[in-house]
1. Roughly how tilted is helix 213-226, in degrees to the nearest 10 and between 0 and 90, from the longest Cα axis of the chain?
2. Rounded to the nearest 10 degrees, what's the angle between the helix 157-167 long axis and the longest principal axis of the chain, both from Cα atoms, 0 to 90?
3. Before rounding to the nearest 500, sum -39500 (n - 2.57) across all DSSP H runs of length at least 4 in the chain and divide by the residue total; then give [θ] at 222 nm in deg cm²/dmol.
4. If the elastic network links every pair of Cα atoms under 10 Å, which of 82, 61, 35 fluctuates the most in the Gaussian network model of the chain?
5. So if I restrict to the alpha-carbon atoms in region 132-234, what is the Rg, and what is Dmax, the biggest pairwise distance, in Å?
6. If you build a Gaussian network model of the chain, linking Cα atoms that sit under 10 Å apart, which residue out of 108, 129, 100 swings the most?
7. How high is the relative contact order of the chain, in percent, with contacts defined as C-alpha pairs under 8 Å that are six or more residues apart?
8. Testing the spin-label approximation: label points 7 Å from Cα along Cα→Cβ at residue 140 and residue 265. State their distance in nm.
Amino acid sequence: MNILLLGSGGLLGRYLAKELAAGHTLVAQTHQDADITDASRLDGLFARRWDAVINAAAVCDFDACEKNPGETGRINREAPLDLARRCAAQDALFVQYSSDYVFGGEDDRLLSESEAPHPLSVYGRQKADLEQLIPSACPRSLILRVSWLYGLGGKTFMSRMPGLLMQQQSVRTAAGKKGCCLYAADGAFWTRQLIEAGQTGLLNLVNPGGTSWEEFAQATLVQMNALGLAPKCGDIQTLPYEQLGPDWAKRPRYSCLDAGKLASVLPPGPRTWQEGLGEFLSAWKSVAAA
């Protein structure tokens, strides 16, 4: 397949580039290579016909979206819709990522693809708009709703957790939020599987099993000790996330995504979050030792 990957310099984009490089003709573009808001640059890229276009470019900075909804909306909403229309004109599959932040977190229950979005934040509204509008703009579209992404070289709290535990005697984490996480390597693997299967529609893509930031931190500490990494941290402190500032209330308190639909499409579906964490930490150990 001829595949165009946009946003290949980001956390998920780097894993996607590695996953798709073998077996496909891949053109991977970082933000510096191709700004997705640059129409003339996209004109040049779409002069070539693609079988699939993956958009992994986005502004994931929650605070930036709250402070500047217009500018971030050009990247998170308008540009993906433009890409969807360009893909429709070529009959190419368009792959876009969404977020668990499309939900408000009112109920403690697994959230399926059929649940109505209720975003609390600018970022959540931008993603909810894509879920609603992209299928009309490009019938051959695949929207993957991800949550709490982490991986090597990532800037997210979960990505940095092993380093924090190695360096600090005490690590503090927000408490009171529950959701699902996704190891970026698994996100890239299942994206590839779904593209190759010709899947379309909306799917939750997470490592199954609800967790919390404090539980993830504790599990990381336990697994790091089992791997012989000897982290310095001996104390994981918690602070209710509601006490971290007013914008934290705009993050869903409960956003556990049901991965059952993905498992039914491609059995058995993704591995558990504990298994994904174990592979991440083994990879982290290898990189740290290099």
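Read the figures in this text as sums done on the coordinates, not as results from a lab. From a predicted model like this one, the values you see are computed outputs, not experimental measurements. Because the Cβ atoms are built from the backbone with ideal geometry, glycine has one as well, and the counts that use them run over all protein chains shown.
1. The angle comes out at about 70 degrees.
2. It is inclined by approximately 30 degrees.
3. -12000 deg cm²/dmol
4. 61
5. 16.9, 52
6. 108
7. Working: 551 pairs, mean separation 55.9, N = 290.
Across the chain, relative contact order equals 19 percent.
8. Once both label points are built, they end up 1.6 nm from each other.
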